[in-house]
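Okay, structure first, notes after.
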Amino acid sequence: MKRIFLFVLDSFGIGALPDAAQFGDHGVHTLAACASSGELHIPNLIAAGLGNIDGVDCLPQAQTPTAAYGRMAEASMGKDTTIGHWEIAGIVSKQPLPTYPNGFPEEIIEPFCQATGRGVLGNIPASGTEIIAQYGDEHLRTGKLIVYTSADSVFQIAAHEEIVPPEELYRYCRIARELLRGKHGVGRVIARPFVGSAGAYQRTANRHDFSLEPPAETILDALREAGYDTIAVGKIFDIFAGKGITEHVYTSSNRNGMEQALQYAQKDFHGLCFVNLVDFDMLFGHRRDPAGYARALSEFDAWLPGFLKQMGEEDLVILTADHGCDPSYQATTDHTREYVPLLVFGQNTAGKQLGTRSSFTDVAATIAEQFGIAYATPGKSFLISF
C-alpha cells in the first residue's frame, strides 16, 4: 500500500522570488518574519532540514537532516491560493487571473444586485476584518451585502449570519460564480459570514470558497481515473471545485486539519491525502501577526513527530506551501511572491538535497511517478534523488 500525504502550509513562504518586485513585493520573507518574532520554536522542522534550504539563513542548519529538503519557485504568473494549488497539482498558469484594484465594474455588480435582490456596500479592495468593521452597521440596517476584493483574484461577500443565513449567502456566491466567467473569471468567490455587534464583529468558521474549475487535468484527475483514492482535507475540495476528488472533509482550524490528517493516517487507503492548513494565511499572514504565525508553526512542529510515526514503509509525506504572506510586510496585507519550502519524509529521503526547483509542478510529477501513472505536466519528479 502506497500513500502520500501532501501538506500545504498555506502562505509559508521562505524568501522573495527573483521577480517579486514585479508583484509589488520587496524584501519579503515569511519565515524570517516568524523567526524574528521570538515565538518560533520548531526543532523538528529544523531537524528535517528547513534551515539547510538554499536562501534560509534565519535558522540553524541540521547536521544530519531527517528529510529531503529544497525549495520551489512559482512558474505561474500569480501569488494566490488558486494558482498556487493548481501548480502544485500540475498546471502552470501563464496568464494571471483577473484582479480588481478599483472594485468590480457595473457589468458585474448590477446583474448581481438584480439576481440577489440586495444592494452592495464597499466594492473595494480591503482587509476582511476592516471592511466588516467599516460597513457592518450599515449592512445590519439595510441588508445590503458587503462586497470586496484584494490583490488576489477574489470576489468576497460578507454578511451577518442573522441577516443572511450561511446557506443563503452560499446561494448568492453561486450567483456571483456564474456571473464571473470569461474575462471576469476570478479564481474564487468567497462567502465570509460574520456575527457580533457594532465594534465587535467576528468572522465565523462558515467560510466557503467557490472556485473556477482547473483549466486542465490535474494530478487529482489522473489519480482518480487510475483508481486511486484522492482525499481532500480543508479547503482543497473548494480550490479544485471538487474535480478529481474521491472523498473530502472540511476543517475549522489548523488544529482540526491536523486531527483529520492524523485520522486518515490511521486508516488504510491507497493514494493521496491532500491537506491545506489555512490558519497561517487567514489568521496571521493577512492580519500581519508575526508572533501568531510563529506560534501556529510551533504548534504544527510539535504535532509532526506523532503524525510521522503513523507512516508505513512505502508512504511519503510532502510539506510545502502555495505562496507567501509575510506577516511583517507593511506595504499591503496581501500575499507575497516567495519561494516555498519542500520537505519530504519517507524511506531513503533523509538528508537528500533537492535544490531549487523551477516549478511547483515537480510535486505533481513526483506523485505520478510514485504511483506509476502517466500524467502530462511540465514538472520533473524528484524521486530519483532518493
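Kindly provide the set of residues from the range 340-353 that are open to solvent by 10 Å² or more (accessible area, probe 1.4 Å) and either over 22 Å from E314 (Cα atoms) or within 24 Å of the chain's Cα centre (by Cα) (or both), ordered by number.
Correct list: F345, G346.
Given the conditions (1) of a type outside the set (S, T, Y); (2) within 29 Å of A296 (Cα to Cα); (3) modelled with pLDDT under 95, report the number of the one that P215 does not fulfil.
(2)
Taking the criterion of being under 14 Å from T336 (Cβ atoms) and among the β-branched types (V, I, T), would at least one residue in the range 22-32 satisfy it?
Taking every residue of the range 22-32 in turn, at least one turns out to be under 14 Å from T336 (Cβ atoms) and among the β-branched types (V, I, T).
I'm trying to understand the selection: among the residues of the range 247-261, which are under 7 Å from V233 (Cβ atoms) and touching a helix residue (DSSP H, G or I) at 6+ places or on another chain (Cβ under 9 Å)?
V249, T251, G257, A261
Give the residue that is least open to solvent (accessible area, probe 1.4 Å), with candidates limited to residues of the range 75-104 that are charged (D, E, K, R) and out of contact with any Lys or Arg (no Cβ under 7 Å at 6 or more places or on another chain).
E87
Could you please find all residues in the range 307-316 being in contact (Cβ under 8 Å) with a residue 40 or more places away in the chain and surrounded by fewer than 16 Cβ atoms within 10 Å (Cβ to Cβ)?
Once the filter is applied, which keeps residues that are in contact (Cβ under 8 Å) with a residue 40 or more places away in the chain and surrounded by fewer than 16 Cβ atoms within 10 Å (Cβ to Cβ), the range 307-316 yields G312, E314.
Give the residues of the range 1-52 that are in a loop (DSSP other than H, G, I, E, B), farther than 23 Å from P96 by Cβ and open to solvent by less than 10 Å² (accessible area, probe 1.4 Å), sorted by residue number.
I42, G49 - these are the residues of the range 1-52 that are in a loop (DSSP other than H, G, I, E, B), farther than 23 Å from P96 by Cβ and open to solvent by less than 10 Å² (accessible area, probe 1.4 Å).
Restricting to the range 317-331, give me the number of residues that are closer than 21 Å to I53 by Cβ and either of a type in the set (D, E, K, R) or open to solvent by 10 Å² or more (accessible area, probe 1.4 Å) (or both).
Number satisfying all stated conditions: 4.
Anything in the range 181-198 that is in a loop (DSSP other than H, G, I, E, B) and either touching a residue at least 24 places away in the same chain (Cβ under 8 Å) or closer than 23 Å to S252 by Cα (or both)? List them, or say none.
Those that are in a loop (DSSP other than H, G, I, E, B) and either touching a residue at least 24 places away in the same chain (Cβ under 8 Å) or closer than 23 Å to S252 by Cα (or both): G185, V186, G187, G196, S197, A198.
For the range 53-73, give me each residue that is more than 24 Å from the chain's Cα centre (by Cα) and either over 24 Å from K309 (Cβ atoms) or open to solvent by less than 60 Å² (accessible area, probe 1.4 Å) (or both).
D57, P60, Q61, A62, P65
Looking at the range 109-159 only, could you name the residues that are touching a residue at least 60 places away in the same chain (Cβ under 8 Å) and surrounded by fewer than 20 Cβ atoms within 10 Å (Cβ to Cβ)?
Scanning the range 109-159 gives P111, A115, S127, T129, A133, D137, A151.
When you check Y172 against the structure, is it crowded, with 16+ Cβ neighbours inside 10 Å, of a type outside the set (G, A, S) and closer than 24 Å to I4 by Cα, yes or no?
Spelling it out, it is not the case that Y172 is crowded, with 16+ Cβ neighbours inside 10 Å, of a type outside the set (G, A, S) and closer than 24 Å to I4 by Cα.
Restricting the range 181-196 to residues that are open to solvent by 30 Å² or more (accessible area, probe 1.4 Å) and modelled with pLDDT of 95 or more, which is farthest from the chain's Cα centre (by Cα)?
G196
Go through the range 289-334 and give me each residue that's within 27 Å of T82 (Cβ to Cβ) and among the polar types (S, T, N, Q).
Hits for the range 289-334 are T320, S328, Q330, T332, T333.
For the range 202-261, which strands (runs of 3 or more DSSP E) that fit wholly inside it have 1 or more residues that are in contact (Cβ under 8 Å) with a residue 24 or more places away in the chain and open to solvent by less than 10 Å² (accessible area, probe 1.4 Å)?
208-211, 229-233
If I ask for residues that are among the aromatic types (F, W, Y), touching a residue at least 60 places away in the same chain (Cβ under 8 Å) and under 28 Å from I245 (Cβ atoms), which ones from the range 268-306 would you list?
Within the range 268-306, F269, F274, F280, F300 meet the criteria.
The values are calculated or read from the model by the stated rules, or taken from the named source; none is laboratory data. For clarity, every value in this text was computed on a predicted model and none was experimentally measured. No Cβ is skipped: glycine too gets one built from the backbone with ideal geometry, and neighbour counts run over all protein chains shown. Accessible surface is based on the protein model in full, side chains and every heavy atom, while ligands, DNA and RNA are left aside. Shrake-Rupley method; radii C 1.70, N 1.55, O 1.52, S 1.80 Å.
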